[in-house]
Amino acid sequence: MSMQAKALVAQRVVHHAEAVAWLRAQGRLEGASVVTSLPDVSELSGLGLDGWRAWFVEAARTVMDSVPDEGVALFFQSDIRHGGVWIDKGFLVSEAARQASMTLLFHKIVCRLPAGSATAGRASYAHLLGFARGARPPRRMTADVLPDGGFRPGPRAMGVNACVEACRVVARDTTTRTVVDPFCGWGTVLAVANALGLDAVGVDQSARMCRRSRTLQIDLASSTASRDDALPRRGSLPGRKAAAT
C-alpha cells in the first residue's frame, strides 16, 4: 500500500479538553504511544515560574503514566530564557521520567534554526527525548542531531521533520499504531502520523486550535500543509468515549 493510500485510511479525532484532566480520565492509552510538546511558562503565566515548573513535571509524568508497556512517550521541548533564567526543559522531562520510573531510550537534538544562530529568548535547538518502561534496543540507528526541524505551520509548532522522526520511532520500534498528542496545538504531530498511516488522537483546550488540528494535512514529499475538512474514520481510538467537540 502506498503512503498516500495509508493516509486515506488513518483516523484522526481531536478533543476540546484540558490535557492533564483528559489523560487522567482515560487511564492507560491501550495501543497508543504519545508524541507531544508541553507548553511554555509564557502560555501559563498565571502560575509563575516555580508554579509552572511544578506543573510541567507533573504533566510530563501524567503523560508517561498514560503510556502502555508496549508504547513510548516522546517529548519535543525547546529551552527558553525567562527573566534572565535559562530553563532546561530536557532536565524537567527527565525529572518526570525519574519519578515515573521510565527509561530514557534516546535524546536527540533538533535544530530549529541553522547552527551558529544567535537567539534571545528561545534556543535555536530543541530536545527530542524518548522514554519507555525498561530498556528497548532500537531496531535501527538514527542520527543524534537533526539539522533541520522542518516546516512549521505556526511559530511554536513542532517541525515536520521532527514529527516524522518521532512517528517513525512509534511505527518502527513499538506495536502501537495510534499516536496521541495531548497538547496538539496546530496538529503537526497528528497530520504526520496520519501521513505515515498511523491513527491520531489530539487534545487541546483551545477550540480554535482544535479546529486547525482537525484539518491540517501534511504532504511529506514537499512538507507543505493544506486543510481538508473531510477526514476518513475507521475503528476506535483512545478517548473515543469522550465527545470530540
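At-a-glance table
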| quantity | calculated |
| --- | --- |
| Residues of segment 1-16 that turn out to be at pLDDT below 95 and either touching a strand residue (DSSP E or B) at 6+ places or on another chain (Cβ under 8 Å) or polar (S, T, N, Q) (or both), as a count | 3 |
| Extreme residue, modelled with the lowest pLDDT, among residues of segment 111-129 that are out of contact with any Pro (no Cβ under 9 Å at 6 or more places or on another chain) and either outside any loop (DSSP other than H, G, I, E, B) or within 17 Å of GLY71 (Cα to Cα) (or both) | ARG122 |
| Any pair with Cβ under 8 angstrom, 6 or more apart, that starts in segment 29-41 at a residue that is on the phi > 0 side of the Ramachandran plot and ends at one that is of a type in the set (Val, Ile, Thr) | GLY31/THR176; GLY31/THR178 |
| Lone unmet requirement of (1) crowded, with 21+ Cβ neighbours inside 10 Å; (2) over 21 Å from GLY71 (Cβ atoms); (3) of a type outside the set (Asp, Glu) for MET102 | (2) |
| So GLY239, is it crowded, with 17+ Cβ neighbours inside 10 Å, in a loop (DSSP other than H, G, I, E, B), touching a strand residue (DSSP E or B) at 6+ places or on another chain (Cβ under 7 Å) and modelled with pLDDT under 95 | yes |
| Filter pass, ALA162 being modelled with pLDDT of 95 or more, closer than 16 Å to PHE75 by Cβ, outside any strand (DSSP E or B) and not aromatic (Phe, Trp, Tyr) | yes |
| Matching residues in segment 130-159 - criterion: being of a type in the set (Gly, Ala, Ser), surrounded by 15 or more Cβ atoms within 10 Å (Cβ to Cβ) and in a loop (DSSP other than H, G, I, E, B) | GLY149, GLY150, ALA157, GLY159 |
| Residues of segment 154-213 satisfying the condition of being among the acidic types (Asp, Glu) and closer than 21 Å to HIS127 by Cβ | GLU165, ASP173, ASP181 |
| Checklist (1) buried (at least 16 other Cβ atoms within 10 Å of the Cβ); (2) of a type in the set (S, T, N, Q); (3) under 12 Å from VAL14 (Cβ atoms) applied to SER206, failing item | (1) |
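The values are calculated or read from the model by the stated rules, or taken from the named source; none is laboratory data. All values derive from a computational prediction rather than experimental measurement. Every residue, glycine as well, gets a Cβ built from its backbone with ideal geometry; the counts of neighbours run over all protein chains shown.
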